[in-house]
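Have a look at the structure below, then the notes.
The values are calculated or read from the model by the stated rules, or taken from the named source; none is laboratory data. From a predicted model like this one, the values you see are computed outputs, not experimental measurements. All Cβ positions, glycine included, derive from the backbone under ideal geometry; neighbour counts span all protein chains shown.
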Amino acid sequence: MTTTRRTLTRMGLAAPALALMPRGLRAADAPIRIGAPYPLTGVAASAGTAVKNAIEVAVDIINNAHPELPTLPLAATEGLPGLGGRKVEVIFADHQGNPAIAQSEALRLITREKVTAMAGCYQSSCVLTASAVCERYGIPFMASEASAPSLTERGFKWFFRPTPIGTDFGAAYASFLADRKAAGFKVDKVAVINENTEYGTSTGNAIIGALKAKGLNMDGRIVYNANSSDVSAQVLQLKDANPDCAIFVSYTSDAILFAKTMHTLNWKPPILIGDDSGFSDNAFIDAAGDLAQGVFDRSSYDPGKPGSASFIVNELYKKHAGHALDDTSARGMQGFLALMEAINRAGSTEPSKIRAALVSQDLKPDQLMIGYNGIAYDAKGQNKLAATLLVQLTGKKYVAVWPDKSAVQQPVLPYKGWN
């Protein structure tokens with residue numbers, strides 16, 4: 001598996017070593033380098049590390065033959081057959097959850113590491129800055145996890161995103177709540193609580209728009225600082241308003257903080273929905289899962305039945321990372337695999353040819369390791385076939401509960417929390 005090469009590069013060793021390669025080897029046999037800036041330290045490090053592990057497994061699937069995955073593009077062969085079997089190398093960078101560092105690391109990956117394309121960055125605020133650098137340099141950018149709707153509204157030509165986004169999630173939550181209301185469950189007041197970066201703001205707006213479109217009554221919006229160390233005031237505000245449903249748009253550290261503070265202040269709504277991110281993180285389940293039993297979350301990933309591609313890939317991931325894939329890391333892996341499928345089909349490392357291959361990408365459900373309806377992009381670079389479902393935390397794992405066609409069990413209400 002590839003490891004981060006930042007130290008080697010800063011010592012000035014990586015570039016000279018590459019320069020000493022025979023010209024034929026450098027052109028025809030050198031690994032294809034992909035940049036991957038993620039939060040490997042800081043408050044989102046657990047999610048960033050999980051995606052890093054997922055990409056490392058994807059590299060193994062591509063670089064080594066995996067005949068047990070016959071339907072996944074590039075799994076059955078070694079390397080990229082469209083480029084003479086060349087292998088893939090990932091250059092990871094730690095943006096620490098800081099948009100300014102994400103921007104500078106993207107620039108370094110392009111100008112010094114000479115990456116062919118880039119995948120990243122988990123947090124939408126960091127994708128915003130890093131992808132702008134790629135756009136300026138004409139480098140394909142694969143946003144595998146970031147879901148802020150605004151990211152595909154910038155008129156970019158080099159930006160591609162296979163994951164469902166905030167508008168999809170908002171529509172799912174609104175439909176789910178409308179179904180509960182039709183079944184006789186009280187859903188008269190809905191509160192939205194979101195962190196204040198690009199992800200929280202943009203996704204919160206999309207959720208509110210979807211709720212209103214379904215005729216559901218909004219009962220306030222609480223916006224909090226993404227780096228908050230105390231959310232007592234926000235929880236007391238919710239306790240006073242007492243909504244029937246609370247929807248949180250939070251990263252891992254704040255999702256844990258909210259769960260613990262709600263327990264301390266003894267408040268819980270009849271329905272609690274977490275918008276993936278912090279709530280899907282294994283770190284959240286380990287730290288606060290016992291206090292958040294019955295929380296709903298959205299997901300595009302389920303391990304599936306033994307023998308399925310998703311199941312086999314999850315087993316590979318568990319062997320590598322020591323725990324199962326979650327929704328975020330699975331979306332990160334799928335985006336990376338889609339990027340490499342396009343590069344292989346382009347048969348070139350020339351950015352314009354890779355972009356053309358991404359524009360024409362048309363992957364079918366059986367070619368994926370995640371539950372999208374396929375991957376094909378609209379004119380803005382957004383996957384038209386992205387899909388999501390709702391899951392509910394039961395014990396130490398999430399179980400699919402909505403829509404009915406995807407459900408393993410029926411939703412359990414009201415929200416249990418810690419009792």
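Brief remarks follow.
- Residues in segment 403-417 that are over 19 Å from LEU325 (Cβ atoms) and either loosely packed, with under 15 Cβ neighbours inside 10 Å or among the aliphatic types (A, V, I, L, M) (or both): PRO403, ASP404, LYS405, ALA407, GLN409, GLN410, VAL412, LEU413, PRO414.
For every residue, the table says whether it meets (1) assigned to a loop (DSSP other than H, G, I, E, B); (2) buried (at least 24 other Cβ atoms within 10 Å of the Cβ); (3) touching a helix residue (DSSP H, G or I) at 6+ places or on another chain (Cβ under 8 Å); (4) of a type in the set (A, V, I, L, M).
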| residue | (1), (2), (3), (4) |
| --- | --- |
| THR129 | no, no, yes, no |
| LEU151 | no, yes, yes, yes |
| PHE156 | yes, no, yes, no |
| ASP168 | no, no, no, no |
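- For segment 29-68, a residue qualifies if it is assigned to a loop (DSSP other than H, G, I, E, B) and either out of contact with any helix residue (DSSP H, G or I) (no Cβ under 9 Å at 6 or more places or on another chain) or basic (Lys, Arg) (or both), and the qualifying residues are ASP29, ASN64, ALA65, PRO67.
- Residues that are among the aromatic types (Phe, Trp, Tyr), touching a helix residue (DSSP H, G or I) at 6+ places or on another chain (Cβ under 8 Å) and modelled with pLDDT under 95 do not occur anywhere in segment 172-195.
- Among residues of segment 78-127, those that are closer than 16 Å to TYR38 by Cα, in a helix (DSSP H, G or I) and small (Gly, Ala, Ser), counted: 6
- Listed by first and then second residue, the pairs linking a residue in segment 255-273 that is closer than 20 Å to LEU413 by Cα and touching a residue at least 40 places away in the same chain (Cβ under 8 Å) to a residue that is assigned to a strand (DSSP E or B) and among the acidic types (Asp, Glu), with Cβ atoms under 9 Å apart and 6 or more places separating them unless they lie on different chains, are ILE273/ASP297.
- Check on SER352, within 21 Å of the chain's Cα centre (by Cα), of a type in the set (Ser, Thr, Tyr), on the phi < 0 side of the Ramachandran plot and modelled with pLDDT of 95 or more: no
- Any pair with Cβ under 7 angstrom, 6 or more apart, that starts in segment 63-82 at a residue that is charged (D, E, K, R) and ends at one that is modelled with pLDDT of 95 or more: GLU68/ILE312; GLU78/ASN63; GLU78/ASN64; GLU78/ALA65; GLU78/GLY85
- If the condition is being within 25 Å of ALA44 (Cα to Cα) and part of a helix (DSSP H, G or I), then segment 176-198 contributes only GLU198.
- In segment 351-371, the residue that is nearest to LEU72 (Cα to Cα) out of those that are in contact with a Ser or Thr (Cβ under 6 Å, 6 or more places away or on another chain) and not in a helix (DSSP H, G or I) is MET369.
- Output for segment 329-344, where each listed residue is within 14 Å of the chain's Cα centre (by Cα) and over 15 Å from THR71 (Cα atoms): SER329, ALA330, ARG331, GLY332, MET333, GLY335, PHE336
- If you go through segment 327-373 and keep only what is touching a strand residue (DSSP E or B) at 6+ places or on another chain (Cβ under 6 Å), among the hydrophobic types (A, V, I, L, M, F, W, C) and over 27 Å from ASP29 (Cβ atoms), you end up with just LEU363.
- Residues within segment 239-283 that are in a loop (DSSP other than H, G, I, E, B) and not small (Gly, Ala, Ser), tallied: 13
- The set of residues from segment 377-402 being surrounded by 16 or more Cβ atoms within 10 Å (Cβ to Cβ), among the aliphatic types (A, V, I, L, M) and in a loop (DSSP other than H, G, I, E, B) comprises LEU385, ALA386, ALA387.
- Test result for ASN227, assigned by TED's automatic domain parsing to the domain that holds ASP254 and assigned to a helix (DSSP H, G or I): no
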